[in-house]
Amino acid sequence: MQYDYIIVGAGIAGITAAEELANILEKKVLLIEKRDHIGGNCYDYVNEHGTIIHKYGPHIFHTNNLQVYNYLSLFTLWNTYNHKVLYKIDNKLVPVPFNLISIDKTRPGDSEEIKDALLDNYEVNAKVPIKELMESDNEYLKDLGEHIFKEVYFKDYKKLYNIEDTRIIELVDKMKPLHVSYDCRYYDDLYQAVPSYGYESMFENMLKNHNITVLLDTDYKDVLSINHDTKKVYYNNKEFEGHLIFTGRIDEFFDYKFGQLPYRSLILLNEDVDDVFFQDNATIHYPKEYHFTKITEFKYLTGQQTFYTTIQFEFPVEYDISNPEQNIPYYPINLEENQKIYEKYKKLSENYTNITFIGRLAEYKQYQMDEIVQKVLDLISNKFL
Ligand SMILES: Cc1cc2nc3c(=O)[nH]c(=O)nc-3n(C[C@H](O)[C@H](O)[C@H](O)COP(=O)(O)OP(=O)(O)OC[C@H]3O[C@@H](n4cnc5c(N)ncnc54)[C@H](O)[C@@H]3O)c2cc1C
C-alpha cells in the first residue's frame with residue numbers, strides 16, 4: 001500500500017497524529033511501533049483480578065484544556081478521579097503539593113507564624129515556587145522553602161535522578177509549588193479522570209479507521225532507512241515520498257552522533273494483595289526510606305470494586321540500553337549540559353523538512369498527556385490541514 005504518512009511510535013503522540021490524519025484528512029497512515037502493544041507509556045491492561053494496571057506507571061489524565069478533553073472524549077467515557085499524593089515524613093502522611101495542612105502536620109511548633117507569613121505575602125490559592133520561598137526575605141518563608149526542599153523533594157529527587165547532592169537544586173523548578181490552600185489534590189485542573197475502560201480501549205477507538213495500518217513489534221530501523229546526506233526516507237528500500245512523523249528518540253535517529261541523551265529508567269514491580277485495600281491513598285511516597293520512591297494502588301484511580309487489590313512499587317534505576325530490565329528511557333535528566341546536547345540534535349533535525357520530530361522522546365521533554373495531545377492537534381491543523 002502507498003502511505004501518505006509514516007509515523008514512528010504508537011504512544012499518545014503518534015496515535016493522535018494517526019487519528020487526525022486518517023479521520024480528518026483521509027490520509028493513508030502507517031504507524032510503526034517496536035513494542036507488542038499500542039499506547040506507549042500510557043499502556044494499561046486488565047490483570048487476572050480484574051484490575052486495570054498501568055504497566056509503565058500510574059497515568060492520570062488532567063487538564064484545563066477543554067479542546068483536548070472534548071477531543072479525547074470522542075473516544076472514551078471517563079471515570080472522574082482527583083489524584084492525591086502523600087509523602088511519609090517523620091512517620092506522618094503529608095499531602096504534596098505542600099499546602100496549609102502539610103504545614104500543620106510537619107511544623108506544629110511554628111505553623112501559625114508560617115501561615116500568617118504566607119497569607120501576608122500571597123493570595124489564598126496562590127502557588128508559590130519552592131525556589132521563590134527559599135529566596136524569600138521573610139525568615140519564616142525562607143525556612144519553609146528550605147524545609148520543603150530538604151524534607152520532601154531532596155531525597156525523592158536523589159533516588160529518582162541519582163545526581164550529585166549539590167546539583168539537585170538545579171531541578172528545583174520541577175518541584176511542585178506550595179499551594180496556599182487546604183486543597184489536597186495533586187493537580188487542580190478542571191478535568192481529572194482516567195478512561196472508564198482503560199487507555200488501551202481509548203487508543204483502539206482512535207485507531208479504528210481503514211486508512212491506518214499498525215505495525216507492532218517492529219523497530220523502525222527494520223523497515224525504514226534514512227539517507228542523512230540527501231535527507232531521503234526509504235520504506236522497505238523504496239523511496240518514501242510522504243511525510244514522516246517521528247516520535248521515537250531523537251538521539252537514536254541521528255545514531256547518537258552527539259552521544260546518548262541521559263535518561264533515568266524505572267523498574268515497576270506489581271504485587272497482588274489479598275485484601276480489599278492496601279493503603280489509605282492512591283500514591284504514597286517514601287522519600288527517606290527504601291529504594292523505591294512510591295507505592296501506587298490502582299483501584300483508587302479506576303474506582304473498581306474488587307476483593308483483591310494490586311499495588312505497584314516504583315524503583316528508579318540507571319538507564320542501560322543493553323539491559324532489557326532497564327532500557328526504557330522514562331525521565332529525561334534536564335540538566336543544562338544535557339539540554340545543550342539536545343539542542344544540537346534539534347538544530348540538525350531542522351534540516352529535515354520531510355520529517356516532523358514530536359513527542360517526549362523526540363523533544364527530550366517531560367510532557368503531560370494533555371500537552372502533547374494539544375501539540376499534535378496544532379501540528380496537524382497548522383502544518384497538514
Ligand atoms: C512514570 C510516568 C508517569 C506519568 N504519569 C502521567 C500522568 O499521570 N499524567 C500525564 O498527563 N502524563 C503522565 N506521564 C507522561 C506521559 O507518559 C507522556 O506525556 C506520554 O507518554 C507522551 O507520549 P509520547 O507518545 O510522546 O511518548 P511514548 O508514550 O513514550 O511513546 C513513544 C513510542 O515510541 C516507541 N518507539 C520508541 N523507539 C522506537 C523505535 N526505534 N521503533 C519503533 N517504535 C519506537 C515506543 O515504544 C513508544 O511506544 C507520565 C510519565 C511517566 C514516565
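The table below gives the values:
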read-out	value
Among TYR71, GLN260, GLN2 the positive-end extreme of the charge dipole of the chain (Cβ point charges)	GLN2
Label-point separation in nm, ASN270 to TYR182, each point 7 Å along Cα→Cβ	3.8
Likely footprinting exposure, ASP229, ASP104, ASP156, fewest C-beta neighbours within 10 Å first	ASP229, ASP104, ASP156
Gained length - ASN227 relative to ASP165, 0.36 nm times residue gap less alpha-carbon distance	18.0 nm
Rel. contact order, % - alpha carbon contacts under 8 angstrom, at least six apart, the chain	25
Förster radius 51 Å - calculated FRET efficiency between ASP110 and ILE24, Cβ distance, rounded to 0.05	0.35
Average Cα contact separation per residue, segment 275-385, under 8 Å, 6 or more apart, as relative contact order %	15
Dipole of the chain, positive direction: furthest Cα of GLY303, HIS228, THR293, with charges on the beta-carbon	HIS228
FRET efficiency, 1/(1 + (r/R0)^6) with R0 30 Å, evaluated for LYS257 and LYS34 via beta carbons	0.90
The chain, Rg to Rh (Cα coordinates; Rh as Kirkwood inverse mean 1/r)	0.99
Point-to-point label distance, GLU336-ASN351, nm (Cα→Cβ direction, 7 Å offset)	2.8
Dipole magnitude (debye, nearest 20) for segment 98-179, charges at Cβ of Lys, Arg, Asp, Glu	580
Lys, Arg +1 and Asp, Glu -1 on Cβ, resulting dipole of segment 233-302 about Cα centre, debye, nearest 20	360
Gain in span if fully extended, GLU318 to SER73, counting 0.36 nm per residue against the direct Cα distance	84.5 nm
GNM top mover of LYS159, LYS257, LYS299 - the chain, alpha-carbon springs below 10 Å	LYS257
Simple label model, 7 Å out from Cα along Cβ direction - TYR367 to TYR45, nm	2.5
For ILE380, ILE212, ILE321, order by how many other beta-carbon atoms lie within 10 Å, fewest first	ILE321, ILE380, ILE212
Choice from GLY259, GLY109, GLY40 showing the highest fluctuation, given a GNM over the chain with Cα pairs closer than 10 Å	GLY109
Rel. contact order, % - alpha carbon contacts under 8 angstrom, at least six apart, segment 208-275	13
Selected from GLY57, GLY303, GLY359 as most flexible by GNM, with the chain as the system and alpha-carbon contacts under 10 Å	GLY303
Debye, to nearest 20: dipole size of the chain, +1 on Lys, Arg Cβ, -1 on Asp, Glu Cβ	880
Burial ordering of CYS184, CYS42, fewest other beta-carbon atoms within 10 Å first	CYS184, CYS42
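Since every read-out is calculated from the coordinates, none of them should be taken as a lab result. Note that the coordinates shown come from a computational prediction; the quantities given were computed from them, not determined experimentally. We place every Cβ from the backbone using ideal geometry, glycine too, and count neighbours over all the protein chains shown.
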